[in-house]
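The values are calculated or read from the model by the stated rules, or taken from the named source; none is laboratory data. Model, not experiment: these values are computed from the prediction. All Cβ positions, even for glycine, are placed from backbone atoms using ideal geometry, and neighbour counts span all protein chains on display. Note: areas computed on protein heavy atoms with side chains; ligands, DNA, RNA excluded. Shrake-Rupley method; radii C 1.70, N 1.55, O 1.52, S 1.80 Å.
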Amino acid sequence: MHGGQGPLLLLLLLAVCLGAQGRNQEERLLADLMQNYDPNLRPAERDSDVVNVSLKLTLTNLISLNEREEALTTNVWIEMQWCDYRLRWDPRDYEGLWVLRVPSTMVWRPDIVLENKSQTYSTNEIDLQLSQEDGQTIEWIFIDPEAFTENGEWAIQHRPAKMLLDPAAPAQEAGHQKVVFYLLIQRKPLFYVINIIAPCVLISSVAILIYFLPAKAGGQKCTVAINVLLAQTVFLFLVAKKVPETSQAVPLISKYLTFLLVVTILIVVNAVVVLNVSLRSPHTHSMARGVRKVFLRLLPQLLRMHVRPLAPAAVQDTQSRLQNGSSGRSITTGEEVALCLPRSELLFQQWQRQGLVAAALEKLEKGPELGPSQFCGSLKQAAPAIQACVEACNLIACARHQQSHFDNGNEEWFLVGRVLDRVCFLAMLSLFVCGTAGIFLMAHYNRVPALPFPGDPHPYLPSPD
């Protein structure tokens, strides 16, 4: 048993010695390199030398885009490569040690400033370059497929990188040269289509449907339209909380919501106008011949509306003469007043005249039993009653004629309101459909271009092979 443990202990001691020897070589190399090393000095053998620094940006996650603050949050790795002549050694002097990893705080690092999208430095000290792999310059933001997490709201369309020189800035100042990394992203529209656009379209369609209510139902129309207007205002406030407070550009979703607000307000105005026209009467408004011709004859034929033909318009003058047989007689002022009497009092007068008629008929029935002279006297006595009966009939006919004229006038104004309501419906429907289609087409064609830079055919992507 003791004989078996001896070789095992010998192997462990040998491994420990080899590890200590390897670790001692790294420590000795690090001590030799850092003996006279100053991390604050630029690694240039002469003052005129320029340090070449290669940059490579690796995107690991596109976290979010705060549109209100106009801030893009990402996770990136910035890989910088340069040559420091003070960190050279001969591997043969350190038992074949080729690689040495040291903390970054112990060596000189290029003082490159990350300014949101670019890195700048003075060209007199550092020359920025894009990294190269396999003889190809990496002119794009590198994305590791295994480490990259796709964003649920934004899709990356282009990710070019460019080396830019600003001739206006002096070479001694930072900003003369830049390595600019671009991210051209496009919104994934499904979330906004389901949660904002589709509800707005459906709610606005309800506002269009109020035209199917009767023309006289203006109060109900205004109530529905104002409720739709309030719902659209809520959506507009929700969108306003996310868009940036800038006047340089207006998002399409804000344009569309504003367009829907305008359409709904016009619908409310139309409902008020149609209600005003529908409730007019001959006592308050006189219909012109042009209005009657356009709204009661021409437009109903063009709109395929079934309008009941109205009786010819009655003469509006209350002093019109009614013919009694071949002789004419005008209505007296007292009879005009009788036309305006309540129905109960008018019926009372009719019953009184009916009593006169009955008395006249009774006298006529007794006429043949009397002599000729007495019969003529009976007719003479019955003449005033007969005359009163005729006047009562004329009065009733005149009242019914004027009532018919009034009803026809109301019916004409109601039909004008119906035709005007149908014209407004077609106009608002056309405006809603055309405006919605136009803004949706603007969104369809508002896409990221096929190439990142207009006029530059370079794709800024790795070659397929």
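Scanning the range 147-161 for residues that are touching a helix residue (DSSP H, G or I) at 6+ places or on another chain (Cβ under 9 Å) and without any contact (Cβ under 8 Å) to a residue 40 or more places away in the chain gives a single hit, GLY152.
A single entry from VAL201, VAL239, VAL179 fulfils the requirement of being β-branched (Val, Ile, Thr), farther than 30 Å from THR58 by Cα and modelled with pLDDT under 85: VAL239.
Candidates are the residues of the range 43-61 that are assigned to a loop (DSSP other than H, G, I, E, B) and open to solvent by less than 60 Å² (accessible area, probe 1.4 Å); the one that is nearest to ILE78 (Cα to Cα) is PRO43. Scanning the range 231-248 for residues that are in contact (Cβ under 8 Å) with a residue 12 or more places away in the chain and open to solvent by 90 Å² or more (accessible area, probe 1.4 Å) turns up LEU238, LYS241, LYS242, GLU245.
Here VAL206 qualifies as under 20 Å from SER430 (Cα atoms) and touching a residue at least 12 places away in the same chain (Cβ under 8 Å). Could you list, in sequence order, the residues of the range 410-465 that are surrounded by 16 or more Cβ atoms within 10 Å (Cβ to Cβ) and in contact with an Asp or Glu (Cβ under 8 Å, 6 or more places away or on another chain)? The answer is TYR460, and nothing else.
Scan the range 282-296 residue by residue and report those that are surrounded by 12 or more Cβ atoms within 10 Å (Cβ to Cβ) and either part of a helix (DSSP H, G or I) or of a type in the set (S, T, N, Q) (or both). If you could, list the steps in order and put the result at the bottom.
Let us first name the residues in the range 282-296 that are surrounded by 12 or more Cβ atoms within 10 Å (Cβ to Cβ), namely 282, 285, 287, 291-292, 294-296.
Within the range 282-296, VAL291, ARG292, VAL294, PHE295, LEU296 qualify.
Restricting the search to the range 242-283, which residues are modelled with pLDDT under 80 and of a type in the set (A, V, I, L, M, F, W, C)? Answer for the range 242-283, where residues must be modelled with pLDDT under 80 and of a type in the set (A, V, I, L, M, F, W, C): VAL243, ALA249. Filtering the range 81-107 to residues that are among the polar types (S, T, N, Q) and either without any contact (Cβ under 8 Å) to a residue 40 or more places away in the chain or open to solvent by less than 90 Å² (accessible area, probe 1.4 Å) (or both) leaves only SER104.
The residue pairs whose first member lies in the range 61-80 and is under 28 Å from GLU245 (Cβ atoms) and without any contact (Cβ under 8 Å) to a residue 60 or more places away in the chain, whose second member is open to solvent by less than 70 Å² (accessible area, probe 1.4 Å) and of a type in the set (Ser, Thr, Tyr), and whose beta carbons are closer than 6 Å, counting only pairs six or more residues apart or on different chains, are THR73/SER64; ASN75/THR60. Counting only residues that are open to solvent by less than 70 Å² (accessible area, probe 1.4 Å) and charged (D, E, K, R), the range 252-281 holds 1 of them. Checked against the criterion of being at positive phi, of a type in the set (S, T, N, Q) and modelled with pLDDT under 85, the candidates ASN116, ASN66, ASN24 yield just one match: ASN116. With respect to being modelled with pLDDT of 85 or more, assigned to a helix (DSSP H, G or I) and more than 20 Å from TYR256 (Cβ to Cβ), ILE210 fits the description.
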